Amino acid sequence: MNMNIPSLCKGIAVGVVTGAAVYAVTNATKSNKRMVKSNAMKAVRSVSSMLEGLGCMFS
C-alpha cells in the first residue's frame, strides 16, 4: 500500500486546526466569541491569499 505522505500531513494538519478552532469557540465566553470569529476570518483570508500567491508562483 503506497501512502502519499504530503497528503497525509495535510489531512492531519487540517484536523488539528479544525479541532483547535472548535475547542476555542466552544470554550470562549460570550464577549470573547466575537474576537475569536474575527481572528478566524483574518486567518482564513491570510491562508487563502498565501495559497493564491503560491499558485501564481507555479503558474
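The values are calculated or read from the model by the stated rules, or taken from the named source; none is laboratory data. It should be emphasised that the depicted structure is a prediction, and the values quoted were computed from it without experimental measurement. Neighbour counts are summed over all protein chains in view; Cβ atoms, including those assigned to glycine, are modelled from backbone coordinates with ideal geometry. Just the protein is used for accessible areas: all its heavy atoms, side chains included, with ligands, DNA and RNA removed. Shrake-Rupley method; radii C 1.70, N 1.55, O 1.52, S 1.80 Å.
Using a Förster distance of 30 angstrom, determine the FRET efficiency expected from the C-beta separation of residue 54 and residue 33, and round it to 0.05.
Approximately 0.45, to the nearest 0.05.
Given a 1.4 Å probe and every protein chain left where it sits, what share in percent of the accessible area of the chain is carbon and sulfur?
Reported share for carbon and sulfur atoms: 69 percent.
Which value, in Å³ per residue, describes the convex hull spanned by the Cα atoms of the chain?
With only Cα atoms used, the chain gives 68 Å³ per residue.
Can you find, among 19, 39, 51, the residue farthest towards the positive end of the dipole of the chain? Put +1 on the C-beta of Lys and Arg, -1 on that of Asp and Glu.
Of 19, 39, 51, it is 39.
How much length is gained on full extension from residue 18 to residue 45, taking 0.36 nm per residue of separation minus their Cα-Cα distance?
Contour length minus the Cα-Cα distance gives 8.1 nm.
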